[in-house]
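Notes for the one structure printed next.
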Amino acid sequence: MRFIGRVADGATETRARLILLKDMERQVLAEELVLIKNGGEINPVNEILGVLREGLGKNEFLSHTSYRPDVAYLRHGGEPSGAREVYSFAIEPIGVITDEGIEPNRAIIQPRSPVYLLEDKDNPFHKIVRGKDIIWSDAYLEGHPSWKIPFDRTFLPYHVGVYGSTGCGKSWFTRHILIPLYRRAGYKVLILDWSGTDYAPMLRNEEVIRISEIALDEESILSYFQDKTFNFARNDTIKDCFDEFIDGWTAKVKEAYLNSENPAEHLYSELKEHVETVIAGIKREDSRAAAYRAQKRVFRRLKPQDLYPVMGVLSIEELFQELERKGMLAIDMGGALTEAKLGFFLSLSKYLYGLMESGRNLGVALIIDEAPQYAPWDARGIQAETCEMIKNLAALGRKRMLNLTLIAQGIKGEIGVNAAVRRNLNTHFFGRIHPLDASGEGGASEWLSPYGISPNHLLQLKPGRFYFAGAMNPSPVPLLITYKPMD
Ligand SMILES: Nc1ncnc2c1ncn2[C@@H]1O[C@H](COP(=O)(O)OP(=O)(O)O)[C@@H](O)[C@H]1O
Ligand SMILES: [Mg+2]
């Protein structure tokens, strides 16, 4: 520990500023951790751990809004005096260090109290985690590779959000830090790789299942066709025909695979035939004509190859058994249509929900990358259903050891996750944010500025840097964390 300065005038129990000793401004950086010996080196009231933010350099002589002798001197090429320069940082108190761990500070922080910079050998996290059920991660506090970041295991099923603009390192962070952490906590990890490029290529072959291999439940298949055909051209007869045909779908698919060179074509003509037969049997002439027109429109939109995404035969139950066996599984959703991906998600989430309802503790972490695809801010159609399911999974998952990890470009609005879903996430990682999130209600700055973290800072974070905030962080104040990628 190194003595670096003292507490300035005007400190309260929750806020203080540090005046740096001479030349310390060259070495002491924002986001470093410090210890305040409140009341003096000898016999302090308490010892407060804090994090440095909002650095400020003041030199009254160099006011840019008024003309002073020093300014005149500077304008003519001279070097003004630094004699009255003051450098300071805000100290965000993390808490008082006690034998039971970290406690909120209630004593006034006394001006003049000495402040010490924590150095590598003074790892503070062992003090922060006392009395908590902790798992250690491979991430560390920015600037201190040996200070590994602890996570509070209790709050793992209270769900996680990872936010940041494209390329800020969300998928990497999830792969390198969160997934190994979940595995260490005893959770099995199921990854939904939306484009099939972020996780699936990095895993072993047997840990990846392609979405087209999976059988969807009949309701999801109906939703898929509904989306594909503009709601069956709004004709109830056509809808009923599809519904009837989908009954026993997987068996029909298996049969098509057995009996035909081109199973999609085979299935398509069976489906079309079924619809035509039903229409031909309609007695009322006007209804028949309407159904016929709708049928033409539907089959003009729907092509045989559109059937492939719903022609998988692996059941969700078998998929879940694979996950139990292997501990980790990625679903490669690349190439499939959005409706098919969401249809699969509906089947999966219904299955998981069913297991939990029957009283089973899952011990599963579900990684949902590109989360706004499943739960957009203005969820409609099949997205309204997936959004609702995520909300239900989140609520029941808290009691049944299901962790949801949602990854999104932003927090609120068009680039964010649906507000009702977002309220269920209790741990957050904020990477470099999109300017849309820099201001306004519900954005990153609203989450972080109470802790002295400014939007400007968030706009400039380097890839792989995240502010860790919320329930799983044993520190009540968000901290800037990072890691070294292994491969
Ligand atoms: N911790 C890190 N250190 C260095 N580079 C990183 C780190 N994390 C990510 N990157 C770089 O950023 C790129 C984008 O990361 P990715 O996780 O795909 O971003 P996102 O999912 O947010 O769009 C990676 O290809 C990699 O080059
Ligand atoms: Mg990504």
Original post:
Being under 24 Å from residue 199 (Cα atoms) and hydrophobic (A, V, I, L, M, F, W, C), is that true of even one residue in segment 432-451?
Top reply: yes
Subject >> Given (1) outside the structural domain of residue 421 (by TED's automatic domain parsing); (2) closer than 26 Å to residue 33 by Cα, number of the condition residue 169 does not satisfy >> reply: (1)
**OP:** Check 336, 340, 256 and return the single one that is of a type in the set (A, V, I, L, M, F, W, C), modelled with pLDDT under 95 and more than 34 Å from the chain's Cα centre (by Cα).
**Re:** 256
Original post:
Tell me, which residue of segment 400-448 that is among the basic types (Lys, Arg) and in contact (Cβ under 8 Å) with a residue 12 or more places away in the chain is surrounded by the most Cβ atoms within 10 Å (Cβ to Cβ)?
Top reply: 432
Subject >> Lone unmet requirement of (1) within 16 Å of ligand 2 (Cβ to nearest atom); (2) touching a residue at least 60 places away in the same chain (Cβ under 8 Å); (3) over 22 Å from residue 124 (Cβ atoms) for residue 466 >> reply: (3)
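Just give me the residues in segment 158-175 being in a helix (DSSP H, G or I), more than 9 Å from ligand 2 (Cβ to nearest atom) and surrounded by 24 or more Cβ atoms within 10 Å (Cβ to Cβ), in sequence order.
173
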Subject >> Filtered residue count, segment 1-58, keeping only those that are under 13 Å from residue 107 (Cβ atoms), among the aliphatic types (A, V, I, L, M) and either surrounded by fewer than 13 Cβ atoms within 10 Å (Cβ to Cβ) or without any contact (Cβ under 8 Å) to a residue 12 or more places away in the chain (or both) >> reply: 0
Original post:
Residues of segment 119-157 being assigned to a loop (DSSP other than H, G, I, E, B) and of a type in the set (A, V, I, L, M, F, W, C), which ones?
Top reply: 129
Subject >> Total residues in segment 331-348, condition surrounded by fewer than 23 Cβ atoms within 10 Å (Cβ to Cβ) and farther than 23 Å from residue 257 by Cβ >> reply: 2
Subject >> Selection within segment 140-169 - over 21 Å from residue 368 (Cα atoms) and within 13 Å of ligand 1 (Cβ to nearest atom) >> reply: 140, 142, 145
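Per-residue answers, yes or no, for (1) in contact with a helix residue (DSSP H, G or I) (Cβ under 7 Å, 6 or more places away or on another chain); (2) surrounded by fewer than 19 Cβ atoms within 10 Å (Cβ to Cβ):
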site: 110; (1), (2): no, yes
site: 121; (1), (2): no, yes
site: 125; (1), (2): no, no
site: 147; (1), (2): yes, no
site: 150; (1), (2): yes, no
site: 154; (1), (2): no, yes
site: 180; (1), (2): no, yes
site: 184; (1), (2): no, yes
site: 202; (1), (2): yes, yes
Original post:
Which is closer than 14 Å to residue 15 by Cα, in a strand (DSSP E or B) and within 32 Å of the chain's Cα centre (by Cα), of 102, 97, 91?
Top reply: 91
Original post:
If you go through segment 282-292 one residue at a time, do you hit one that is of a type outside the set (Ser, Thr, Tyr), crowded, with 18+ Cβ neighbours inside 10 Å and touching a Phe, Trp or Tyr at 6+ places or on another chain (Cβ under 9 Å)?
Top reply: no
Subject >> Scan of segment 379-391 for residues that are out of contact with any Gly (no Cβ under 8 Å at 6 or more places or on another chain) and touching a residue at least 40 places away in the same chain (Cβ under 8 Å), ordered by number >> reply: 381, 383, 385, 386, 389, 390
Original post:
Restricting attention to segment 350-406, and to residues there that are part of a helix (DSSP H, G or I) and among the small types (Gly, Ala, Ser), which single residue is farthest from residue 419 (Cα to Cα)?
Top reply: 354
**OP:** Output the number of the condition that residue 347 fails; it satisfies all remaining conditions of (1) free of Cβ contacts under 8 Å to residues at least 40 places away in the same chain; (2) small (Gly, Ala, Ser); (3) part of a helix (DSSP H, G or I).
**Re:** (1)
Original post:
Looking at 394, 375, 371, 365, which is the one that is buried (at least 22 other Cβ atoms within 10 Å of the Cβ) and either within 12 Å of the chain's Cα centre (by Cα) or within 16 Å of ligand 1 (Cβ to nearest atom) (or both)?
Top reply: 371
Original post:
From 448, 406, which residue is among the hydrophobic types (A, V, I, L, M, F, W, C), in the same structural domain as residue 149 (by TED's automatic domain parsing) and away from ligand 2 (no atom under 16 Å from the Cβ)?
Top reply: 448
Original post:
Out of all the residues in segment 433-449, is one or more more than 16 Å from ligand 1 (Cβ to nearest atom) and closer than 19 Å to residue 191 by Cβ?
Top reply: no
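The values are calculated or read from the model by the stated rules, or taken from the named source; none is laboratory data. Everything numeric in this text was worked out from a predicted model, so none of it was measured. Glycine gets a Cβ as well: all are built from the backbone with ideal geometry, and neighbour counts include every protein chain shown.
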